[in-house]
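Since the structure comes first, as structure tokens, the remarks are kept for the end.
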Amino acid sequence: MNSRRRDSSLAVFPGSFDPITNGHLDIVERGLRIFDRVRMAILVNVEKQPLFTVEERLAIIREAYQGNPRVEVDTFSGLLVDYAERVGASVIIRGIRAISDFEYEFQMALMNRRLNPQIETVFMMPAESYSYVSSRLVKEVFQLGGRVTDVVPPVVERRLSDKYGTPVRPASRRRKTG
Ligand code: PNS
């Protein structure tokens, strides 16, 4: 048994978060029901071309969780389990929206377990209303002029607007029926 001190009240929630969505926020909220602190860890991946820089993603998450000391944000590179070990976390949180997420997540969880059996992966399901929400779709919809207000926090909508130089789309007026 590894004698390194681990904090069972700290969970690491890793991801690209390019950008965060309400689905991510929902997972953080659920994580906080079980763990005292959730640390969102942004992967620094030099091979990917993200929309938001790591610094921008850090700033977005900091703003979204301003005043909530239980949510921390950090960056990491290299193996996730090494990062979790370094910060003394015993749990990795991953969100599973649908069965289609499961296979990849399952592979990652088992590989991470093989790499470090002391660290557990916990899968959490977001609210069904976010089951179709992904960072990739949010970017695509916004870029094509669609409204993303209900699926991302206000800071993300503002940042998307700044990034693409397009205004936030106002809510469409509902047509009267009957
Ligand atoms: O938000 P994402 O892009 O689905 O997050 C994927 C992430 C960051 C969790 C995954 O790519 C990862 O953990 N990368 C770090 C490198 C690593 O540990 N790879 C082995 C995983 S078994």
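The values are calculated or read from the model by the stated rules, or taken from the named source; none is laboratory data. A quick note: this is a predicted structure, and the numbers were derived from the prediction, not measured. All Cβ positions, glycine included, derive from the backbone under ideal geometry; neighbour counts span all protein chains shown. Please note that ligands, DNA and RNA were not included when accessible areas were found on the heavy atoms of the full protein model with its side chains. Shrake-Rupley method; radii C 1.70, N 1.55, O 1.52, S 1.80 Å.
Tabulated values for the structure
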{"item": "Relative contact order [Cα under 8 Å, 6+ residues apart], the chain, whole percent", "result": "27 percent"}
{"item": "Amide H contacts of residue 121 (H built 1.01 Å from N, under 5 Å, at least 5 apart or other chain)", "result": "92"}
{"item": "Estimated FRET transfer efficiency when R0 is 25 angstrom, pair residue 98-residue 9 (beta carbons, to 0.05)", "result": "0.25"}
{"item": "Of the DSSP H helices in the chain, those whose Cα atoms cover at least 30 Å axially and whose Kyte score averages 1.0 or more", "result": "none"}
{"item": "Kirkwood Rh and Cα Rg combined as Rg/Rh, the chain", "result": "1.01"}
{"item": "The stretch 49-178, accessible surface, carbon-and-sulfur percent (1.4 angstrom probe)", "result": "52 percent"}
{"item": "Label-point gap, in nm, between residue 54 and residue 143 - each point 7 angstrom along Cα→Cβ", "result": "2.3 nm"}
{"item": "Calculated [θ] (222 nm, deg cm²/dmol) that DSSP helices of n ≥ 4 give over the chain, each run adding -39,500 (n - 2.57)", "result": "-12000 deg cm²/dmol"}
{"item": "Largest to smallest principal axis extent of the C-alpha atoms in the stretch 114-163, angstrom", "result": "45, 25, 17"}
